[in-house]
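The values are calculated or read from the model by the stated rules, or taken from the named source; none is laboratory data. Quick caveat: nothing in here was measured; it's all calculated off a predicted structure. Using ideal geometry, Cβ is built from the backbone for each residue, glycine included, and neighbour counts are taken over all protein chains shown.
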Amino acid sequence: MLEAAGGSAALEAKTERPVEKKVFVKTYGCQMNVYDSQRMTDALAAEGYRPTESIEEADLVLLNTCHIREKAAEKVYSELGRIRQIKDERAKQGRETVIGVAGCVAQAEGREILRRAPAVDLVIGPQTYHRLPAVLRRARAGDKVVETDYAIEDKFEHLPAPARKAVRSRGVTAFLTVQEGCDKFCTFCVVPYTRGAEVSRPVSQIVAEAERLAEAGVREVTLLGQNVNAWHGEGPDGREWGLGRLLFRLAEIPGLDRLRYTTSHPRDMDDALIAAHRDLDKLMPYLHLPVQAGSDRILKAMNRRHTAADYLRLIERIRAARPDIAMSGDFIVGFPGETEEDFQDTMRIVRAVGYAQAFSFKYSPRPGTPGAEMEDQVPDAVKDDRLQRLQALLTEQSQAFAQSLVGRTIDVLLEKPGRHPGQLVGRSPWLQPVVADERAGTVGDIVRVRITHAGPNSLLSEPASGPAEMTKSLKGAHV
Ligand code: SAH
Ligand code: SF4
Ligand code: F3S
């Protein structure tokens, strides 16, 4: 009797599921980090870790960090201070907390992180995420682990494919990294050091992942790369493909109705990619094409390897192919040696292009980059003043672009419930958030709406029918 009871208890112990652990992931920086965080979450799910939104209940806290500007990197250390307190509190209750630092700060600073923040248990760079489960096991056994080699093996081959359930929970749009790293070495930028050399994922891997996403209900995929338009690979036809050809292949996947890509470098915008903007309806009319500055002298010092005139000519060709394309860009003010005249060249190029959206930053000297060593660093107050003037112009332009949509009929991909009952929020082809009436359709539908109002952050709409209209190009708008 006793024996029998003991036997069944042993059996129960064997079939009992391992205790579920929880992981809290916080992501900083660019979309590629968002994608990487998802892939790490998928890898950890296979180890029994479920995501949580509450840091206090997390057995593993993972910060996926960004090193692009000083502020971004320093934020990580203040966050680590806060997490250490939580770890101490949990320890008092006998609960273990593993703290991990991933991403570009991990790659750039490695062991230094353990010195500055001794509560950290593991540091893992972007090239080695497939080793995370093994690294985690070592950390839980009491080792402090720093894993920042440039792995020779293909991490994507070793990471579990995104699970259908996880993809569904993330919504109807998805990121898909196709290219990583950068060989361009702009003199202000850390990315070539943190992400390593340019590597393109093979066509078969990309197509298989895009098909899985589509099967799980994703309608829109954004291809990611630090230099996404430098992507190249051998196609199934044995020919060398560039991003344009890849987009045509992805457009054949049933259910995928919208394609985007980011971030592009002006030097890698080839004819085939411009032709894709002309011929491929599924490729959204939006292009993020950073120029950084408008002065040739500064562009040269930045090692961008193109002039302002090259950039303007390129945009003219792109707009000839796709007149309703919305341009987006990145700008840096206060690069070493930038004079007021150089800055005025930036203002001029912004006026000449007419941006629908843009990101602008004060130059931040980064350790190990040539820019940090340059003389003539610009005082912070001057940077502040230039940034303010540039942002005022860019805001005016994005508002003018949004305003140009009022009264027009456009297609919107509905992504999630809105803030108020009866509302859904989606995106326009030009990436603006659009508030729609739930009578227009449900999440995952691409619906036709008429824009009734342009607010500072989103467009309002009413259901509509009939053909979608193109936008008036902002070219030469000289706002
Ligand atoms: N690969 C992309 C951009 C990567 S970083 C490209 O080539 O355009 C994203 C943006 O951050 C850059 O476009 C740049 O505008 C900004 N940035 C990069 N390094 C910076 C620095 N040291 N200081 C300020 N802004 C920076
Ligand atoms: Fe950085 Fe320049 Fe490479 Fe872009 S192209 S990631 S800005 S080095
Ligand atoms: Fe930041 Fe690394 Fe992306 S430095 S912008 S997270 S590539």
Original post:
In the list Lys155, Lys184, Lys165, which residue meets the criterion of being among the charged types (D, E, K, R) and within 16 Å of ligand 2 (Cβ to nearest atom)?
Top reply: Lys184
Original post:
Of the residues in the stretch 253-311, how many are over 25 Å from Lys362 (Cα atoms), of a type in the set (A, V, I, L, M, F, W, C) and touching a Gly at 6+ places or on another chain (Cβ under 7 Å)?
Top reply: 4
Subject >> Test: residue in the stretch 140-153 that is part of a helix (DSSP H, G or I) and at negative phi >> reply: yes
**OP:** Confirm whether Glu198 is surrounded by fewer than 16 Cβ atoms within 10 Å (Cβ to Cβ) and either away from ligand 3 (no atom under 16 Å from the Cβ) or within 20 Å of Cys104 (Cα to Cα) (or both).
**Re:** no
**OP:** Search the stretch 45-65 for residues being crowded, with 22+ Cβ neighbours inside 10 Å and not β-branched (Val, Ile, Thr), and hand back the single one that is nearest to ligand 2 (Cβ to nearest atom).
**Re:** Asn64
Original post:
What's the number of the condition Ser204 fails, among (1) in the same structural domain as Gly81 (by TED's automatic domain parsing); (2) more than 14 Å from ligand 3 (Cβ to nearest atom)?
Top reply: (1)
Original post:
Among the residues of the stretch 122-161, how many are out of contact with any strand residue (DSSP E or B) (no Cβ under 9 Å at 6 or more places or on another chain), modelled with pLDDT of 90 or more and within 27 Å of Ala216 (Cβ to Cβ)?
Top reply: 2
**OP:** Look at Met327 and say whether it is at pLDDT 95 or above, on the phi < 0 side of the Ramachandran plot and within 16 Å of ligand 2 (Cβ to nearest atom).
**Re:** no
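Given the options Ala352, Ala301, Ala308, Ala321, name the one that is within 16 Å of Phe401 (Cβ to Cβ), in contact (Cβ under 8 Å) with a residue 40 or more places away in the chain, more than 16 Å from ligand 3 (Cβ to nearest atom) and of a type outside the set (Lys, Arg).
Being within 16 Å of Phe401 (Cβ to Cβ), in contact (Cβ under 8 Å) with a residue 40 or more places away in the chain, more than 16 Å from ligand 3 (Cβ to nearest atom) and of a type outside the set (Lys, Arg) holds for just one of Ala352, Ala301, Ala308, Ala321, which is Ala352.
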Original post:
Name the residues in the stretch 84-104 that are closer than 21 Å to Glu20 by Cα and buried (at least 16 other Cβ atoms within 10 Å of the Cβ), would you?
Top reply: Ile86, Lys87, Arg90, Thr97, Val98, Ile99, Gly100
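Name the one entry in Gly242, Gly233, Gly225 that is within 10 Å of ligand 2 (Cβ to nearest atom) and under 15 Å from Leu273 (Cβ atoms).
Exactly one of Gly242, Gly233, Gly225 is within 10 Å of ligand 2 (Cβ to nearest atom) and under 15 Å from Leu273 (Cβ atoms), namely Gly225.
Out of the strands (runs of 3 or more DSSP E) lying entirely within the stretch 56-139, which hold 3 or more residues that are closer than 18 Å to Val190 by Cβ and within 23 Å of the chain's Cα centre (by Cα)?
Filter on the stretch 56-139 gives 60-65.
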**OP:** Provide a single number: the residues in the stretch 84-111 that are within 26 Å of Arg366 (Cα to Cα) and away from ligand 3 (no atom under 16 Å from the Cβ).
**Re:** 2
**OP:** Inspect all residues belonging to the stretch 251-268 and state whether any of them is away from ligand 1 (no atom under 15 Å from the Cβ), of a type in the set (Lys, Arg) and over 25 Å from Ser204 (Cα atoms).
**Re:** no
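Would you point out which residue out of Arg278, Arg258, Arg267 is in contact with a helix residue (DSSP H, G or I) (Cβ under 8 Å, 6 or more places away or on another chain) and basic (Lys, Arg)?
Checking each option against the conditions leaves just Arg278.
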Original post:
Does the stretch 24-37 include one or more residues that are surrounded by fewer than 21 Cβ atoms within 10 Å (Cβ to Cβ) and more than 19 Å from Pro126 (Cα to Cα)?
Top reply: no
